[in-house]
Amino acid sequence: MIHGYSGSNPRVRGLRRLARDRGHRHERRSFLVEGPGLVAEALDVGLDVRMVVVPESSVEELDDGPTLGALLRRAEATGADIGTVPDLVFDGLTTTGSPQPALAEVGFVDVDLDVLFAGVEPGHPLVVLVGLADPGNVGTLLRSAEAFGAFGVLLVGGVDPYNPKVVRAAAGSAFRLPFALVGDDGAVEALERLAGAGIGAWATVPAGGASMADVATTDGPLALVLGNERHGLPDDVVAGCAGSATVATSGSVESLNVAVAGSVALYELCRIRDDGNA
């Protein structure tokens, strides 16, 4: 059944807060997913899709539309509430300049550290993000981590992975790749837990570190630790790692964007792993 909601409806106001209020997201343990494609991916992997809304102008597509109508029927079959809102209200819920005609409230997907560490696979790194501030970088690294075979991601402080910009940039990877969250002051303790789980942590530094080939040939599972865009990794975090690694560059470039550096490093580890298994 499709409900018609006004902009003053409490559920609709709640969706607006999910898009803009980190505290509200974590209190409800749910986040906003924008666009039919991402809503479909959330359904594909069995996430807790609680509510889906579309603009009233799309109503004609809902009864027999091969895409949007089918999407809503799938969501309704899982128990999600389905509704329409006036177009101006819908535009106010989204966080993009060109909104796509569907958005959903979805339950949180992060896991406990013990669950994350249980997925360790030799040759497949864990990605540790310490204090990253840019949503696009976090989303890109989640996507690269999945693409290049990481077994999971640990986020220590920094931007909320449920920020709509992160969710969009991750392009569905945040739905499929296990990740865990640790507070801003939990980096050193997290490294200790990594060591206790037999995972060797490698701090990425702009210069002077080991090559990715050297990192890839170390024994046992490994973690690639990446730091804040402006300040890099704190000294105590670097000191708490088993070693440091540097992505090799040529020319006069002083350093790489963290998402680029992390993606290149993950690609190198993936290539070396695959060459070794050939």
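Derivation of every value follows stated rules applied to the coordinates shown; laboratory data play no part. Here the structure is a predicted model, which means the values were calculated and not measured. With ideal geometry, Cβ positions are generated from the backbone for all residues, glycine too; neighbour counts draw on all protein chains shown.
In the range 113-277, Cα pairs under 8 Å separated by at least six residues give a relative contact order of 27 percent. Calculate, in whole percent, how much of the Cα-Cα pair population of the range 5-57 lies beyond 13 Å. Pairs farther apart than 13 Å: 63 percent.
In nm, what is the difference between 0.36 nm times the number of residues separating residue 229 and residue 29 and their Cα-Cα distance? Present the calculation step by step, with values, prior to reporting the outcome.
Working: separation 200, 0.36 × 200 = 72.00 nm, distance 2.73 nm.
Result: 69.3 nm gained on full extension.
Given the convex hull over the Cα atoms of the range 1-99, what projected area results after averaging over all orientations, in nm²? Don't skip to the end; give the middle numbers.
Working: hull surface 24.6 nm².
Dividing the Cα hull surface by four gives the mean projection, 6.1 nm².
Any number yet on Rg/Rh for the range 113-277, C-alpha, Kirkwood? It would help to have the intermediate numbers written out before the result.
Working: Rg = 14.3 Å, Rh = 15.4 Å.
When Rh is taken as the Kirkwood radius, the ratio is 0.92.
Per residue, how big is the convex hull of the chain when only Cα atoms are used? Give it in Å³. Don't skip to the end; give the middle numbers.
Numbers: hull volume 40.3 nm³, N = 278.
Taking only Cα atoms, the chain has a hull volume of 145 Å³ per residue.
Computed over the range 91-183, the quotient of the alpha carbon radius of gyration and 2.2 N^0.38 Å is 1.11. Seen from every direction in turn and averaged, the convex hull around the alpha carbons of the range 207-259 projects onto 4.2 nm². Figure the gain on full extension for residue 45 and residue 147 (residue separation times 0.36 nm, minus the Cα-Cα span) and round it to one decimal in nm. Once the chain is fully extended between residue 45 and residue 147, it gains 35.0 nm. Just add up the charged neighbours of residue 15: K/R +1, D/E -1, any other residue whose Cβ is under 13 Å from the Cβ of residue 15. After counting each charged neighbour, the total is +3.
Amide H to amide H distances under 5 Å link residue 103 with 35, 53, where only residues 5 or more positions off or on other chains count and H is placed in the peptide plane.
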